[in-house]
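Each reported figure results from applying straightforward, stated rules to the coordinates on display, with no laboratory input. Values in this document were obtained by computation on a predicted structure and should not be read as measured data. So basically every Cβ, Gly included, is an ideal-geometry build from the backbone, and we count neighbours across all protein chains shown.
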Number of protein chains: 2
Amino acid sequence: MTMSSFVGIILLLIAVEIPGSFQHDRGHSKFRGPQVSQTAGTPWPMPLSYHTQATFTYVDAGEFKFTDVDESSSCSILEEAYNRYFPLIFGRRPETLFFKSSFKAPTDAMTELMVKLEKPCKDTDYPMLESDESYTLDVNGNQAMLSASEIWGVLRGLETFSQIVYQSNDGGFVVNNTQIVDKPRFNHRGMLLDTSRHFISVPILMTNLDAMAQNKFNVFHWHIVDDPSFPYQSEKFPKITNMGAYDPETHVYTQTDIKNIIEYARMRGIRVVPEFDSPGHTSSWGYGQPDLLTKCYTGSQPNGQFGPVNPVPNSTYVFLKSFFTEIAQLFPDHYMHLGGDEVSFACWQSNPEITSFMKKMGYTSYSQIEEYYMQNLLNIVGGLGKGYQIWQEVIDNGAKVRADTVVEVWKAGWEAEMEKVTKLGYKTLLSTCWYLNYISYGSDWMAYYGCEPFNFNGTDAQKQLIQGGETCMWGEYVDGTNVISRLWPRASAVGERLWSAKEINSAFLAQSRLTEHRCRMVRRGFQAEPITGPGFCREEFGGV
Amino acid sequence: MTMSSFVGIILLLIAVEIPGSFQHDRGHSKFRGPQVSQTAGTPWPMPLSYHTQATFTYVDAGEFKFTDVDESSSCSILEEAYNRYFPLIFGRRPETLFFKSSFKAPTDAMTELMVKLEKPCKDTDYPMLESDESYTLDVNGNQAMLSASEIWGVLRGLETFSQIVYQSNDGGFVVNNTQIVDKPRFNHRGMLLDTSRHFISVPILMTNLDAMAQNKFNVFHWHIVDDPSFPYQSEKFPKITNMGAYDPETHVYTQTDIKNIIEYARMRGIRVVPEFDSPGHTSSWGYGQPDLLTKCYTGSQPNGQFGPVNPVPNSTYVFLKSFFTEIAQLFPDHYMHLGGDEVSFACWQSNPEITSFMKKMGYTSYSQIEEYYMQNLLNIVGGLGKGYQIWQEVIDNGAKVRADTVVEVWKAGWEAEMEKVTKLGYKTLLSTCWYLNYISYGSDWMAYYGCEPFNFNGTDAQKQLIQGGETCMWGEYVDGTNVISRLWPRASAVGERLWSAKEINSAFLAQSRLTEHRCRMVRRGFQAEPITGPGFCREEFGGV
């Protein structure tokens, strides 16, 4: 822990109340007033170095503007960010925002945030795993300066600035004297959404991208298709969509929808990594592409059921090359997630074509044929110039992958797996701890908060390979009705674990900041649910 | 089981798919398409007797109207219901509703529902525990007739009619030939919301009342105040609100708010039973009414903490009489919930005034002083002409209560408690099984559905005393952001248990109807979450 972050922690501690002991059968906490108090104007996630003093300055909402130190280094990403952050700071809803319109900012109030971008940005810039998101933010009296090397750092700093400005009881906006030097601990801070088990509309995906940006997530892992439905509208293979989507007219993502989502994410410094999982989890692909899946047999006859992609015929790889070429052209990210998880061998075992192919190849185990399939797929995608992200099973089964492959660890026993995968020299992500679809009663965010990706046996070089992690919201019980409230602010706990220093790991110290952060999200229009016990937000969702 | 309901079940069975076995670590079900199919135009909760045939008639949305058989028996409750049900049947959103505007209903389409109300209603009618909610509904070709004795039965029948009309694939609205004879199994089908731990705005409470009516709930148990906050705006004791509410300007229910909520509920045949829980759960009362609560002692000195209401001084009862007189005048329902649960004796034990009072009265246990308090409170409220509903502890502690008292059983071991309370001759409600605040992963509604209030040892006379039950949503982790999606359709399972025949108890048979019902609620604008695994609604929340 650096001295500077230590100062921040001391300040926070003062704002924390001791939570009540839970008692009685009902589990009610006996508490007058909120169970956890709220901080005012503290950022989430916690910056690497955060100094703040009790001295504050008014911010003049009427006069305020963002000022480029060097206009020639700006681009549309930055200009749009300014437009976005103005209402995020000062509120969209003057009729409900706790906002005394009679408040007149003093003449020495802050009227601008100076923004210094060292490396000029271009309108077409797209974020990468290696992007630099560091920034510094200095607020001194009515002077405020945000500096960053890359546009992505400016975006993160604007978010932080928007969080440290808060409304005081006289109705005025204020900001404390603050010095921040910040950069993420991990480069990959992802969220998986599953749009196959339930469809999630484009506007809700965009709302979630806003929430992600405000929690400094930077990868939308889009698990777009799976067994139940195939909402991706393919140009080359429209039949797969027409027969595999829940409804081919309404429950689909068109190429335009996808471009809009990628653009929306890009403007917020979020990469979109699409996952087309195979060879398992592909039931929905089969109806529109008849010979793709393995026919399952009962005795000597096909029984009408289908298993994973059939790894034997050449037609499979012709299809995959054509299909993934389309995907590679549509999605600009360097990485593509190729799945490879949970392949059931039962159907392969029943199929005589597979059995004879196994013999021909001298394979003694079905994981070898899985490896054969994955190796072919990886070669195809690698040939398209793309890197890939894969679930841990691909490595467990011994496939050879490109050096820049990112392996995602998701199974229980992740510590041993992380040790193994990093020993093999691969970049690694952790998601085991952060399956937010599994809900439980109470403050479950504390367990997400407590999961530390470095807690495995490994050398410093191995630890260096940890790129971060992903929180996953599988779609069995989630759709547009509840995905936002179930994700937020539970996912915020993961956001801080992935952004902030390892030492920022006390849920007890975090809860007052998280309570403020939750209310900030509510004020900004998100259905962020209460997760720290009884309490209230100055502005509530649905009125007040 | 009657023969008639048996016919309905057979029809439903056909629409049910076998759910997939869950496999793999992630718990994903491997399924192409929805895990559970949906019925079309079946009602929830299941009527007592439900015959339906495959023969259907078109309903002409453009010409359709509700027709009173005898206009002189109508009243504003009925007229407003007609206005409400038209868009519930035909949709509010032509741009998103699956609605082919080019569809032209045939000339022999249904154009009216005849409504026969035997007992004329009055504009001021208010529902009661004893209200008659029975109705019959007969659809034969293009003729449809709804008959009921009381307005409350008409409301229930209109809801059922609105559910059996559905949209066919050609875009037309259709209704199957159907004969329904229906009445609730239980007269009291309640839902508790807690507005003290988190505030819930008036618009969201009203949205929830709509959802309740559409699930045939008829009691809103409003747990309005508790330890954390006191949002009830008292006219006689404004200081309690000013000091006890989270925010006395925004986080309060004014007398007008409450009247509006009662009126909104009344129009939907829903009673509003307010709960002002005492002597425990009253921390928030104490700041604005300084001598009300017991001072807790450490040794011989007050330690600054407060316990339950102080049962000793006369001033306590002067206050209670004045306060509950205001409540009795504001809330028209015959019943008032007086709480009486979870009284902690620790503070009373520490207080010398209580100790000497105990001696004076010859009490040997603190439950006797609790009984003393409750007895006084019950006498006060009884003197105001009101009946009361209480938590089980009041009876467990031996208080004498009025013969019309309704005892609410909420603790584990409810079977023995129900046996005991009914043996004492009291009307009884069950809520133990239906604490919806306790969430868990997956289809938890099946357990709610399986809980049978008659499953205790008792005579028929004892069973007759069961008035129904209540589902409870305590507010630790719920506010306007998530209360609707967390309640619905999980609470629908309780709604069917309380309305439908005891024999309608197979969650397996229910799931296709519940899946349709969930999508119907989504189409009507509710954030009703998915609870039967992967699938979709023709119209989704947030688009499509």
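Using Cβ point charges alone (K and R +1, D and E -1), the dipole size of the range A:151-296 about the Cα centre works out to roughly 500 debye. Against the main long axis of the alpha-carbon atoms of chain B, helix B:507-523 sits at an angle near 90°. Taking the DSSP beta bridges with both ends in the protein assembly as shown, the antiparallel portion is around 40 percent. Ascending distances from the A:Q305 label point to its copies in the other chains, with the point 7 Å along the Cα-to-beta-carbon line: 6.0 nm.
Computed per residue of chain B from DSSP H runs no shorter than four, each worth -39500 (n - 2.57), the mean residue ellipticity at 222 nm is -10000 deg cm²/dmol. Against the longest principal axis of chain B, how steep is helix B:490-499, in degrees 0 to 90 to the nearest 10, with axes from Cα atoms? Tilt of helix B:490-499: around 90 degrees.
Just the number: Rg to Rh for chain A, Cα atoms, Kirkwood Rh, two decimals. Result: Rg/Rh = 1.00. Inter-copy label distances for B:N242: 7.2 nm (label point placed 7 Å from Cα along Cα→Cβ; shortest first). May I ask you to derive the FRET efficiency for A:K359 and A:E130 from their Cβ-Cβ distance with R0 = 56 Å, giving the value to the nearest 0.05? After rounding to 0.05, the efficiency reads 0.80. Which FRET efficiency value, to the nearest 0.05, do you get for B:S300 and B:N376 by plugging their Cβ-Cβ distance into 1/(1 + (r/R0)^6) with R0 = 30 Å? E between B:S300 and B:N376, to the nearest 0.05, is 0.60.
DSSP finds beta bridges in chain B, and of those with both partners inside it, around 40 percent are antiparallel. Averaged over peptide B:526-533, the number of partner chain Cβ atoms lying within 10 Å of each residue's Cβ comes to 5.
Counting, for every residue in B:481-490, the Cβ atoms of other protein chains within 10 Å of its Cβ and taking the mean gives 5.
Counting only other chain Cβ atoms within 10 Å of each residue's Cβ, the peptide A:467-480 averages 4.
Lacking any other cysteine beta-carbon closer than 4.7 Å, the following Cys residues of the protein assembly as shown have no compatible partner: A:C472, B:C472. The ellipsoid that matches the Cα gyration tensor of the range A:148-205 has semi-axes, each √(5λ) in whole angstrom, of 32, 20, 10, with the longest given first. Positive end of the charge dipole of the protein assembly as shown (Lys, Arg +1 and Asp, Glu -1 on Cβ, about the Cα centre): tell me which of B:Q53, A:Q301, B:S196 has its Cα farthest that way. Working it through, the farthest residue towards the positive pole turns out to be A:Q301. The percentage of C-alpha pairs in the range B:358-468 whose separation is greater than 17 Å is 60%. Looking at the square roots a ≥ b ≥ c of the eigenvalues of the Cα gyration tensor of the range B:456-543, which shape do they give, rounded for a/c under 1.5, prolate if a/b is larger than b/c, or oblate? Oblate is the answer for the range B:456-543, as a/c is 1.5 or above yet b/c matches or exceeds a/b. Starting from the label point of A:V318 at 7 Å along Cα→Cβ, the same points in the other copies fall at 9.7 nm, in ascending order.
Note on B:L330 and A:F103: the model spin-label points, each 7 Å out from Cα along the C-beta direction, lie 3.1 nm apart. Cross-link pairs exceeding 23 Å in C-alpha to C-alpha distance, out of A:K259/A:K427; B:K236/B:K259; B:K321/B:K359, comprise A:K259/A:K427; B:K321/B:K359. Just check the protein assembly as shown against the gyration tensor rule for me: Cα atoms, a ≥ b ≥ c as the square roots of the eigenvalues, rounded for a/c under 1.5, and otherwise prolate or oblate depending on whether a/b exceeds b/c. Taking the square roots of the gyration eigenvalues as a ≥ b ≥ c, the protein assembly as shown is oblate. For chain A, the longest principal axis of the C-alpha atoms and the axis of helix A:255-267 are separated by about 40°. PRE reach from A:E419 (point 7 Å along Cα→Cβ): which of the range A:385-410 fall under 18 Å by backbone N? Hits in the range A:385-410 for A:E419 at 18 Å: A:396, A:409-410.
Which shape class applies to the range B:233-284: rounded if a/c is under 1.5, otherwise prolate when a/b exceeds b/c and oblate if not, where a ≥ b ≥ c are the square roots of the Cα gyration tensor eigenvalues? Because a/c hits 1.5 or more and a/b fails to exceed b/c, the range B:233-284 counts as oblate.
Here the protein assembly as shown is treated with +1 on each Lys and Arg Cβ and -1 on each Asp and Glu Cβ, and its dipole about the Cα centre works out to around 760 debye. The calculated FRET efficiency for the pair B:C75 and B:T254, based on their C-beta separation and a Förster distance of 30 Å, comes to about 0.65.
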